[in-house]
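Read through the structure below, which is laid out as structure tokens, and then see the notes.
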Amino acid sequence: MRVLDRSFFKKTVPVSAATVLENKNISAVRKTLSSSKDALDLPRFDGCTTPMAEKLVVGRDGRILELTAQEARKKRCVVLREDIKHDDATTWSPILNELVEKGMVGLGPYTIDLDYSYWTYAEIIEAILPEEDVADGEFPEGFTLTGHVLHLNLRERWYPYKHLIAEILKDKNPKVRTVINKTQVVGSESEFRTFPFEVLAGDNDMNVTVHEQGCEFQFDFSRVYWNSRLETEHRRLCDKFKEGELVCDVMAGVGPFAVPAGKRKIFVWANDLNPHGYESMEDAVQRNKVHQFVTPFNMDGRKFIRETAQMMTSPSTKVIIQPRTPASLKRAKPAASGRTPAPPPQIYTRPPTVDHYVMNLPATAIEFLDAFVGVYAGMESRFEPYDPARKLPMIHVYCFSGHSEDVRVDHEDICKRISERMGFTLSPDDTIDGSGNRERELEIFNVRLSPGTECEVFAAGKAAGYSRGALPSPMYFWSGPDPVASDRPQGGYRPQAPRTLQDGDVIRAELRPGRRFGDVVDEMVAQMEGADGWAFGPCVHSLNPLIALFGWSGDVRMDGAERYPSPSNRSIILADMKLMPCMCFALEPNYAFGPHLAYIGLIAIVGEDEAIELNLYTAELLPAVGKQIVNMLEQRLSVFLGLG
Ligand SMILES: C[S@@+](CC[C@H](N)C(=O)[O-])C[C@H]1O[C@@H](n2cnc3c(N)ncnc32)[C@H](O)[C@@H]1O
């Protein structure tokens, strides 16, 4: 197939179903048939559904019961395994037999209609591409999303199917309106780091809106540089800047360092040679209301570096931020002695010297370093030791490394390239904890654009804990477009290569920053009220920061439980604290029906505006407990998290 024929994926499967004759038995029948494996186990298919209006086989004597359409609408049936035939009792399991004999269910035909919307991207691609093309396990996957534009970097072997691949990806990613493919080899980018591409599917509209670190950017993706994979790096560097500092971004693009830094009340002079980049940055500065802190420039980086020295001598600007008066204070009547005093304004004065330079043009940024030599000549008195409070600026320069086997070789090469430009010798030993000249304050940091494999992320997560002297909590990590569980990476215990993470693996949900653990626990419990169960210690495991908190409702609905009264009836057992962006939690509502626990959960990172959910499908782990319960809890949790 070279042109996508969606009708090709229509499939009608005739099966049988067990209709529950009395609605009060729905849950029990469903549970029984799922434990006995009589229920059809088809991914992404809800096997408890409305029966077709048909003749049902009922009771020991094989009586026939006719169901009208109206009656059928009020009932539920459990769809059965394909090899079970409603009209052939020899195919029934003893458990199904028993349910029929007891008059709890009636068996009839059922038709499953699957179409294009049912199948996943992987399933469709596998069905379409010739077997020999996917025989080596390689698959056309991996893309970057920039607003509504999905950017593929297809290997040549997939070119014959490029339009097909693009159409399917667009269909399966509702946010995507345009699919493009980079058309030439590495190094063909323009001086502004834009790249030639062709539109493979959807609208030829490259005006995108993207969000990073709580800021909004709008730009024409065909004319400016943007890479969504750099968000972690942008954030890492912004975290190094302190409120009130002055940062010069020499190659700022549309401002993914500058604008978020401005939001954090850091003064930024942000420059880019690309006039479109400059215009988009101006737009972002206004759009995100950071104009008091961020000033855009449009010139060559080398000239900009030299000019910043002069700009430092201009009078310092002041930003005065009036505190927002809380509504409660506005409503409050003035005290007898007079008016309620307003909190003082925050005043930020631009520093007299630059604290950081950022140079993110990896192909050539090192070559711009000579522009710093002598740039502050005659201005020595502005810095230490004359002014002990003002250190020389830190320069953050990006470059590509040689990827040699020995990282030391790469670091030596980087130092050599820097030394040639700066006119003095720099060595990899000159790091702050190294054996060389520590005053150089050298730090070499490897930036990874790809998130790596599951095992690498897992190892990095553990290492981050151990290297800080902490014992990392048990860590679960499964990825993929349809992850079915959360566990250790499969590559760690199965003979298979570690899976490389792809864009789109992470799912978003809402866990608002600014709330408290107690609120989260209370809401988890409240959402399940009225479901005839009880909350079995709803948990919020805090993975970062590393403490575990949970609440215990004391409402244990199990025989004999009254002999063991709950010690407390609080939402929170340890101290409560506010949720902040980057904290990571495992949420477990842990709802129980009698002695049966529906053990579901999810892991989410608190984002700037909304949560980043890491494993949506944990609940799929537990169908044996009762799929209906799990589904119900899943729905309720979705509502609670704002997904529903
Ligand atoms: C890799 S992009 C980085 C942009 C931005 N800092 C980011 O992280 O997304 C490099 C930027 O350098 C700009 N650029 C290229 N040559 C330049 C020069 N001589 N002076 C200043 N900027 C330049 C390009 O227009 C591009 O926006």
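Protection proxy ranking, highest mean first, for peptides 248-257, 109-118, 228-237: 248-257, 228-237, 109-118, where packing is the per-residue count of other beta-carbon atoms within 10 Å, averaged. Listed by chain and number, the lysines whose alpha-carbon sits under 26 Å from that of Lys182, ignoring those within fewer than 8 places in the same chain, are Lys162, Lys170, Lys172. Normalising the average separation of contacting C-alpha pairs (under 8 angstrom, six or more residues apart) by the number of residues puts the relative contact order of segment 121-205 at 26 percent. Ordered from highest to lowest accessible area with the whole protein assembly present and a 1.4 Å probe, Arg324, Arg499, Arg44, Arg6 read as Arg324, Arg44, Arg6, Arg499. The heavy atoms of Tyr278 offer some 60 square angstrom of accessible surface to a 1.4 angstrom probe. Once you have a ≥ b ≥ c as the square roots of the Cα gyration tensor eigenvalues for segment 121-205, tell me rounded if a/c is under 1.5, and otherwise prolate or oblate according to whether a/b is larger than b/c. The shape class here is oblate.
Taking 0.36 nm per residue of sequence separation and removing the Cα-Cα distance, the Thr120/Arg2 pair yields an extension gain of 40.6 nm. Note on Glu132: accessible area approximately 140 square angstrom, rounded to 10, probe 1.4 Å, nucleic acids and ligands left out. For the residue pairs Lys242/Lys263; Lys24/Lys75; Lys11/Lys175; Lys289/Lys391; Lys242/Lys265; Lys37/Lys85, the C-alpha atoms sit more than 18 angstrom apart in Lys11/Lys175; Lys289/Lys391.
Modelled this way, with points 7 Å down the Cα-to-C-beta line, the labels at Thr111 and Met52 are 0.5 nm from one another.
Solvent-accessible area assigned to carbon and sulfur over segment 6-114 amounts to 51 percent, based on a 1.4 Å probe. Ligands, DNA and RNA excluded, the heavy atoms of Phe241 present near 10 Å² of accessible surface to a 1.4 Å solvent probe.
First measure r as the distance between the Cβ atoms of Asn207 and Asp83, then evaluate 1/(1 + (r/R0)^6) with R0 = 45 Å and state the FRET efficiency to the nearest 0.05. With a Förster radius of 45 Å, E is 0.25. Accessible area per residue for segment 6-114, computed on protein heavy atoms with a 1.4 Å probe, is 55 Å².
The values are calculated or read from the model by the stated rules, or taken from the named source; none is laboratory data. Computed from a predicted model, the values in this text were never measured in an experiment. Heads up, the Cβs are rebuilt from the backbone with ideal geometry, glycines too, and the neighbour counts pull from every protein chain shown. Note: accessible area is taken over every heavy atom of the protein model, side chains too, but ligands, DNA and RNA are not part of it. Shrake-Rupley method; radii C 1.70, N 1.55, O 1.52, S 1.80 Å.
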